[in-house]
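Below is one structure, written out as structure tokens; the observations come after it.
None of the figures in this text is laboratory data; all of them are computed from the coordinates on show. None of these values were measured; they are calculated from a predicted model. Note that each Cβ is placed from the backbone with ideal geometry, even for glycine, and that neighbours are counted across all protein chains shown.
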Amino acid sequence: ASAGVAELLVTSGVCAEVPAALLSETPERPRGAGWRHLAGTAGGVNDALKRLLEEAGAEVHCERRVASLDEQRGQWRARPFEGPPGLFDAVVLAVPGCGAGGDNLNKVRGGYEAWLSAEQGRALARAEHDARWAFALFLAPESRARCEA
């Protein structure tokens, strides 16, 4: 599935492949034949996310500060800090990683946390806040088995 996403981003011109030889050697950077390193051609990660949402035919709600995210009868109930909550089939949070400053995943509470394994929770907590973005995809509950396959 991830190969298809990478191919979509490259063929649509939103991203370009970056040869591994041009990337810095850091312990965090995955290596090997199974990895493709992409960079945004104009708008970076923001344009990549927009292209994926467009491809999915998603109804996008922007500029909402999500306070909590809970499963409710097969959908996700997103409650913003201001305004009424909404029910969605899937939710994409595009916020900075955890850490000091602004909005981040540490400020979003709710039942979604129970869907994360202990290791996934620790991995999210270890992500430091910097100029990179973290994407959290919340799919319909019945998608779980297919994601684990």
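Quick notes on this structure:
- Selection of chymotrypsin sites (Phe, Trp or Tyr not before Pro), the stretch 1-110, meeting DSSP coil and at most 12 other Cβ within 10 Å: 35, 81
- Distance between the 7 Å Cα→Cβ label points at residue 113 and residue 12: 3.3 nm.
- Taking other residues whose beta carbon is less than 15 angstrom from the beta carbon of residue 86, and scoring Lys, Arg as +1 and Asp, Glu as -1, yields -1.
- Using alpha carbons only, the radius of gyration of the stretch 1-59 set against its Kirkwood radius gives Rg/Rh = 1.00.
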